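Nothing in this text is a laboratory measurement; each read-out follows from the coordinates by a stated rule. Bear in mind that the values here come from a model prediction, so they are computed numbers and not experimental data. Because the Cβ atoms are built from the backbone with ideal geometry, glycine has one as well, and the counts that use them run over all protein chains shown.
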């Protein structure tokens, strides 16, 4: 396997270049009708599905299938980059160069001077650098918004966790919207098995009543954010 990869590189085409060439051929004049019809919008659900399948292999520790699913996610990146290149916006090399530059820029303790000892210090520095980048782009922070924007497609459970993480991290006044004592008591008695059981029973009860647990949790999390921001402005 290593020898084969080395030979491809020797002949001037790395595996990623081969993949990009294959994708370009599929999109080309004599290529695949399905691939030729795709857009960023039509591929959006494919990306979600492929990421979900990758997460499943990670949960199961299934290395052979993880390798396969990583490839399925990678082709989505290559596909979107090719669509953008066709439209004259950017290409795959631009994507790779940008993320590499960001990693170097946000890790000055590795690629520059200074040294950090803990992951908490790394996260704090990352946020400071990120805020500086936004300011340099002229993106002024909203003084009335304490919570950083979260992806709108984030599943409701992950959204709720992200909101609580920001409350904890920034020590925001959550008492008006969250029973923090109840959160602590639940955390003290919770196991992965009990969490799974409770979530399943809540989902089953919602089904019995014809309620949408995903929407209910998302709306409640939005309400928590608004209540915390309102309380902070009044303080």
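Report the FRET efficiency, 1/(1 + (r/R0)^6), for residue 89 and residue 130, where r is their Cβ-Cβ distance and R0 is 25 Å, rounded to 0.05.
Approximately 0.60, to the nearest 0.05.
For an R0 of 30 angstrom, estimate the FRET efficiency from the Cβ-Cβ distance between residue 169 and residue 35 and round to the nearest 0.05.
After rounding to 0.05, the efficiency reads 0.10.
So for the pair residue 123, residue 191, with labels modelled 7 Å out along Cα→Cβ, what separation do we get in nm?
2.7
So if each residue of separation counts as 0.36 nm, and I subtract the Cα-Cα distance between residue 137 and residue 182, what length gain in nm does that give?
Stretched out fully, the residue 137 to residue 182 stretch lengthens by 12.0 nm.
Assuming R0 = 22 Å, what is the FRET efficiency of residue 109 and residue 232, from their Cβ-Cβ distance, to the nearest 0.05?
0.10
Roughly speaking, what is the centre-to-centre gap between region 20-74 and region 192-233 when only Cα atoms are used, to the nearest Å?
Rounded to whole Å, the Cα centres lie 32 Å apart.
If you take Cα Rg over 2.2 N^0.38 Å from the coordinates, which of (i) 1.31; (ii) 1.03; (iii) 1.58 do you get?
(i)
Listing 95, 123 from the residue with the fewest other Cβ atoms within 10 Å to the one with the most, what is the order?
123, 95
May I ask you to derive the relative contact order of the chain, considering only C-alpha pairs under 8 Å and at least 6 residues apart, and to give it as an integer percent?
13
Can you tell me the orientation of helix 119-136 relative to the chain, as the angle in degrees between its alpha-carbon axis and the longest Cα principal axis, to the nearest 10?
Value to nearest ten degrees: 70.
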